[in-house]
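One structure is given below, encoded as structure tokens.
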Amino acid sequence: MKTKILALALISLVLSLPIGFAQATEDTEEDNGGVTPDSVLYGLDKVLDSISLALTFNKEKKAENGLRIAQERLLEVKKMIEENKLDYAEKAEKEHKKALEKTEKAL
């Protein structure tokens, strides 16, 4: 029983991180895209976005979430280009395309 409660608490914490981060960045005028492909945390960022999208069951909310993720990836492309990290920009561009395809499929 304790294991189930701990697992639910951990899942809740993990799922709330992207939401809190998204709300915090929405208030800034210029968003830099958050974790970029040149970070060791980029894989974790993508996994959390995928989990968030998978656990969104309302089609309208799923589309909004998918578009938010796609916009984040596009901002990552922009930042990587600005930093002249073109290989990472290409990686972010591929992730942007995947995010748009997932959103389209959800609709």
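Does residue 104 satisfy the condition of being open to solvent by 90 Å² or more (accessible area, probe 1.4 Å) and part of a helix (DSSP H, G or I)?
Details: open to solvent by 90 Å² or more (accessible area, probe 1.4 Å): yes; part of a helix (DSSP H, G or I): yes.
Here the answer is yes, as residue 104 does meet what is asked.
Within the set of pairs 6+ apart or on separate chains, which have a first residue in segment 95-107 that is more than 13 Å from residue 65 (Cβ to Cβ), a second that is among the charged types (D, E, K, R), and C-beta atoms under 6 Å apart?
Pairs found: 95/73; 96/73.
Of everything in segment 48-68 that's more than 11 Å from the chain's Cα centre (by Cα) and open to solvent by 80 Å² or more (accessible area, probe 1.4 Å), which residue is nearest to residue 35 (Cα to Cα)?
64
Looking only at segment 69-101, which residues are surrounded by fewer than 19 Cβ atoms within 10 Å (Cβ to Cβ), among the charged types (D, E, K, R) and assigned to a helix (DSSP H, G or I)?
78, 82, 87, 90, 93, 94, 97, 98, 101
The values are calculated or read from the model by the stated rules, or taken from the named source; none is laboratory data. All values reported here derive from a predicted model rather than from experimental measurement. All Cβ positions, even for glycine, are placed from backbone atoms using ideal geometry, and neighbour counts span all protein chains on display. Keep in mind that these areas ignore ligands, DNA and RNA; they rest on the heavy atoms of the full protein, side chains included. Shrake-Rupley method; radii C 1.70, N 1.55, O 1.52, S 1.80 Å.
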